[in-house]
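Trainee: A single structure is presented below for examination.
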Amino acid sequence: MQSVTLEDGETCAFASPRAMGIVVLMFGSLLTTSAGAECKLGKLGTLPLEIHDGRIATQGSIEGHDIRILINTGSWRTFINQRTALDAGLQPTEVDGVYSLGGHGRTPVKSVAVKQLKIGDFSFPKKSWYVTGEAKLDPGPYGMYLGQDILSQNDWEIDLAGKQLVFWKASDCDKSPLAYWNPEFMLAELPPSR
C-alpha cells in the first residue's frame, strides 16, 4: 500500500498498480508519486458540471454574457462559437491558414480578443481565442468548447457522480500511477498475455 496526502491533510491509501499488475481506469491525467516521497495535492478549483445527452458542460460568461460551455477533452484548442462572439459584441477576424473541419465542411477559423472570460469561478486575463462556426448558424446549446489548451495545464478529474470537474496541482510526485481522487478507485485485472 502507498498513500498520498491531500492539501487539506486527508490521506488516501491505495494499492500499488505495478505490484498487482492492474490498470487504473480513469479520466484525466495520471498523477504520480515515488515510493519514498510524499506526494502532495492542492485543489486549484472545481467546475460544476451538467450532463445532457451524454455530453458534459459547465457555465461561464464572455464579456458578461452567460454561456454554456462543452467540456471537449478531444479538442486541441478552446473555441468560441462565432454567433456567441457576435452576440457578446466581439468582432472575429480570420486567422490566416487555419481551418476547422466539421459537419459544415471546411470553415476558416477566426479569433477574437476577449477582455472578460469566466468559466465557473475561474477568470482568464485578456486573450485572443479561436472562433469557429458560421455567424448565420444557431450555435446550439454551447457557446464555447473547452479544449486541451486549458485542460492540460494541470491535473484534473471528471467526477460524473459528483457532477464536477476538479483541477489539481501536484508537488513532489514522479512516475508511479496514482488514483488520487478516490481511495476506492476502479481497477481491472489484466489477463496474462499468451
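Trainee: Mind listing the phi-derived Karplus ³J(HN,Hα) values for segment 118-132, rounded to whole Hz, using 6.51, -1.76 and 1.60 with θ = phi - 60°, and x for any glycine or proline?
Mentor: Values, residue by residue: 10, 10, x, 8, 8, 10, 10, x, 3, 7, 8, 10, 5, 10, 9 Hz.
Trainee: Would you mind checking which residues have amide H under 5 Å from Glu50's amide H? H placed 1.01 Å from N; only 5 or more apart, or other chain.
Mentor: Here the answer is Ala57, Thr58, since their amide H atoms fall under 5 Å of that of Glu50.
Trainee: Would you please give the residues with an amide H less than 5 Å from that of Val98, counting only those at least 5 places away or on a separate chain, with H modeled from the backbone geometry?
Mentor: Correct list: Val109.
Trainee: Right, another one. Go through Lys43/Lys163; Lys118/Lys169; Lys115/Lys163; Lys43/Lys118 and tell me which ones have a Cα-Cα distance over 22 Å in this structure. Don't skip to the end; give the middle numbers.
Mentor: Numbers: Lys43/Lys163 16 Å; Lys118/Lys169 20 Å; Lys115/Lys163 29 Å; Lys43/Lys118 18 Å.
Lys115/Lys163, as the Cα separations exceed 22 Å there.
Trainee: Can you pull the one-decimal nm distance between simple spin-label points at Glu134 and Gln116, each 7 Å off the Cα toward Cβ?
Mentor: Between Glu134 and Gln116, the label points sit 3.2 nm apart.
Trainee: With the other protein chains left in place, how much accessible area per residue, in square angstrom, belongs to segment 67-118 at a 1.4 angstrom probe?
Mentor: 54
Trainee: Label segment 57-104 by shape, choosing from rounded, prolate and oblate, from the square roots a ≥ b ≥ c of the eigenvalues of the Cα gyration tensor; if a/c is under 1.5 it is rounded, and otherwise prolate applies when a/b is larger than b/c, oblate when it is not.
Mentor: Oblate, since a/c reaches 1.5 and b/c is not below a/b.
Trainee: If R0 is 22 Å, what FRET efficiency do you get for Glu50 and Val95 from their C-beta distance, rounded to 0.05?
Mentor: 0.15
Trainee: Additional query: Would you mind counting up the charge near Val98? Only other residues with Cβ under 13 Å from its Cβ, with Lys and Arg at +1 and Asp and Glu at -1.
Mentor: Spelling it out: positives minus negatives among the neighbours equals +1.
Trainee: Using 0.36 nm per residue, how much length does the chain from Lys43 to Asp66 gain when fully extended, once their Cα-Cα distance is taken away?
Mentor: Length gained, Lys43 through Asp66: 5.7 nm.
Trainee: Towards the positive end of the charge dipole of segment 83-168, with charges on Cβ (+1 Lys, Arg; -1 Asp, Glu), say which of Ile150, Gln164, Ala113 has the farthest Cα.
Mentor: Ala113
Trainee: Considering only the other residues whose Cβ falls under 12 Å of the Cβ of Lys118, what net charge follows from Lys and Arg at +1 and Asp and Glu at -1? Show your work: numbers first, answer last.
Mentor: Working: positive: Lys115; negative: Glu63, Asp66, Asp121.
Net local charge, Lys118 excluded: -2.
Trainee: Within segment 33-131, which trypsin sites (Lys or Arg not before Pro) sit in a loop by DSSP and count at most 14 neighbouring Cβ atoms inside 10 Å?
Mentor: Numbers: sites: Lys40, Lys43, Arg55, Arg68, Arg77, Arg83, Arg106, Lys110, Lys115, Lys118, Lys126, Lys127; in loops: Arg77, Lys115, Lys126.
Answer by residue number: Lys115, Lys126.
The values are calculated or read from the model by the stated rules, or taken from the named source; none is laboratory data. Bear in mind the structure is a predicted one, so any value in this text is a computation, not a measurement. Note that we place each Cβ from the backbone using ideal geometry, even for glycine, and neighbour counts take in every protein chain shown. Ligands, DNA and RNA are stripped out before the accessible areas are found, and what is left, the full protein with its side chains, is counted by its heavy atoms. Shrake-Rupley method; radii C 1.70, N 1.55, O 1.52, S 1.80 Å.
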